[in-house]
Structures are given as C-alpha cells and as structure tokens.
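Below is one structure; the comments refer to it alone.
The values are calculated or read from the model by the stated rules, or taken from the named source; none is laboratory data. Predicted model only: the values in this text are computed from it and were never measured. Here Cβ is always computed from backbone atoms with ideal geometry, including for glycine, and neighbour counts include all displayed protein chains.
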Amino acid sequence: MDRKGILIVVSGFSGAGKGTLMKELLKKYDNYALSISATTRKPREGETDGKEYFFKTVEDFEKMIAQDELIEYAKYVNNYYGTPRVYVEEQLQAGMDVILEIEIQGALKVKKKFPETLLMFVTPPDAGTLKSRLVGRGTETMDVIESRMKRAAEEAEGMDAYDYLLINDDLDTCVREMHHIIQGEHNRVFRNEEFMSRIKDELKDNLKGE
Ligand code: 5GP
C-alpha cells in the first residue's frame, strides 16, 4: 500500500480544542508531523518561539510573503498567520502525514493549490461549550473572546467545504477517530496510482508467461 505522506488541514473554531487534539495525536502515533506556522500575533504566556509558532514582526512576515516562503497565509483577527513551505515539503517527501492547523481561508487556499489535501473540521458539540472553553482558557480579554465568537459564526458557514467533521466531545474518542480517518484515507484509489499500475503490469506479464 502507498505510504506517501498525506497533507492534512485541520481547522475549527478557536477554542474547539484543536491544540490539545494535535498534541495527543502526535503523542500516540508516530506517522504525523505538525507544521509550525509563522505569525505576527504576540506569544501567549507559556508559548515559545519555534514551538507553538515562529513569532515574527509584520515587516519580517511581509518579507516571507515576498520571498514566496509560505504555502499560504491569511489575516485572522488583525494578525498574519502563514505556513512555511520547506518543512511541509520535506516531511511529505519523507512519508509523514503532515498536519496544518490553520483557519478556513488558508485551508481553502491549500486545497486549491494541492487538491489531494484532506480537510478536517473540529467543532465542539455546541456553541455554549465553545464560549466556556474560551473564557476558561483565561488567556484572552473579553473583547478578543467576542471577536473570536463572531469569527466562529462566520467560519461555521464554511464547514461544508471540508471533507470530514470531527466533534470534539471526548478527547480520546476524537483522537482515535481522526487517526482512523487519516489511515483509511491512505487506501483511497486516487492515492495509490503507482501501486495500481504496478499490479496491472504484473498481471499482464503473468498472462504473457502462460
Ligand atoms: P491562535 O491565535 O488561536 O493561535 O490561532 C488563531 C487561528 O489562526 C486559528 O484558527 C489557527 O488555526 C489559525 N492559524 C494558525 N496558523 C495558521 C497558518 O499558518 N495559516 C492560517 N491561514 N491560519 C493559521
């Protein structure tokens, strides 16, 4: 079976629990590589440069855009966010399934550029859970929480463009579901053209030998 890496985009409302989900997935399985984005957002407490994000000035970020170092970028609640190209390409080549945890505008740009990308959308079971997670996180002001809730309502309109929906109610269940979906994805016919053409040739050769 084909083991070329799959490019996976994971989106979801801010506060849907994507971060924790990704951390658990990477802890549990060894076939995933998580891309680290560049952003102009200020680090939150506990965030380190090069771990959660590469924290950039607007000037540096715009330089990365100009030099075509990003696969995609978008503005989200007044900050730039973008995916550095080199890491993603290297990891896919090495057979890793590469995850981009990005918002919807970026997701659609990636899908357009690379149509084989698998798009997954993570959502909490209801809006109330989303708000209480954002408040409970305690890292955002009420203003920012309000703009993120507003943004969530806008993003909900775009869920239809995704391939799979993941409802993050129970974390372990969600991690397992995500892994199964991605592993199943490796068996899709369009991802296995090399295998198919090899076995077709082998079968033809076998007939000639009879
Ligand atoms: P946060 O500020 O909460 O870390 O992220 C805000 C939003 O930006 C999230 O929806 C996150 O998925 C998205 N995001 C993070 N990195 C990127 C990126 O490289 N490109 C795009 N388009 N969105 C990103």
Checklist entry - Within the set of pairs 6 or more residues apart or between chains, which connect a residue that is touching a residue at least 60 places away in the same chain (Cβ under 8 Å) inside region 128-149 to a residue that is of a type in the set (V, I, T) and outside any helix (DSSP H, G or I) with Cβ atoms less than 6 Å apart? => result S147/V77
Next on the checklist: Any residue at all in region 15-33 that's of a type in the set (V, I, T), more than 14 Å from the ligand (Cβ to nearest atom) and either modelled with pLDDT under 95 or at negative phi (or both)?
Outcome noted: no
Item to check | Criterion violated by L7 - all others in (1) out of contact with any helix residue (DSSP H, G or I) (no Cβ under 7 Å at 6 or more places or on another chain); (2) under 29 Å from E157 (Cβ atoms); (3) more than 8 Å from the ligand (Cβ to nearest atom); (4) touching a residue at least 40 places away in the same chain (Cβ under 8 Å) satisfied | outcome: (1)
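So, Y73, is that one over 30 Å from D170 (Cα atoms) and within 15 Å of the ligand (Cβ to nearest atom) or not? Explain how you work it out, then say what you get.
Details: over 30 Å from D170 (Cα atoms): yes; within 15 Å of the ligand (Cβ to nearest atom): yes.
For Y73, the condition - over 30 Å from D170 (Cα atoms) and within 15 Å of the ligand (Cβ to nearest atom) - is met.
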Checklist entry - Has region 53-65 got at least one residue that is under 25 Å from L130 (Cβ atoms) and touching a strand residue (DSSP E or B) at 6+ places or on another chain (Cβ under 9 Å)? => result yes
Next on the checklist: Condition first: under 26 Å from C174 (Cβ atoms), within 12 Å of the ligand (Cβ to nearest atom) and under 15 Å from the mean Cα position of the chain (by Cα). Can you find one or more residues in region 133-144 that meet it?
Outcome noted: no
Checklist entry - Within the bounds of region 17-24, is there any residue that is over 23 Å from A156 (Cβ atoms), assigned by TED's automatic domain parsing to the domain that holds V175 and surrounded by 17 or more Cβ atoms within 10 Å (Cβ to Cβ)? => result yes
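For residues that are of a type in the set (K, R) and either more than 9 Å from the ligand (Cβ to nearest atom) or free of Cβ contacts under 8 Å to residues at least 40 places away in the same chain (or both), tally how many sit in region 34-44.
Pass one, region 34-44, residues of a type in the set (K, R): 41-42, 44.
After this cut, where a residue has to be either more than 9 Å from the ligand (Cβ to nearest atom) or free of Cβ contacts under 8 Å to residues at least 40 places away in the same chain (or both) as well, the list is 42.
Qualifying residue count for the region: 1.
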Checklist entry - Quick one: is E47 within 30 Å of T141 (Cα to Cα), within 12 Å of the ligand (Cβ to nearest atom) and assigned to a loop (DSSP other than H, G, I, E, B)? => result yes
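Sort out which residues of region 92-127 are of a type in the set (G, A, S), more than 9 Å from the ligand (Cβ to nearest atom) and farther than 23 Å from R3 by Cα, and write them in order of number. Step through it out loud before you land on a result.
Within region 92-127, the subset of a type in the set (G, A, S) is 94-95, 106-107, 127.
Pick out the ones that are also more than 9 Å from the ligand (Cβ to nearest atom) and you get 94-95, 127.
Answer for region 92-127, where residues must be of a type in the set (G, A, S), more than 9 Å from the ligand (Cβ to nearest atom) and farther than 23 Å from R3 by Cα: just A127.
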Item to check | Within region 148-199, tally of residues that are away from the ligand (no atom under 16 Å from the Cβ), surrounded by fewer than 12 Cβ atoms within 10 Å (Cβ to Cβ) and in a helix (DSSP H, G or I) | outcome: 11
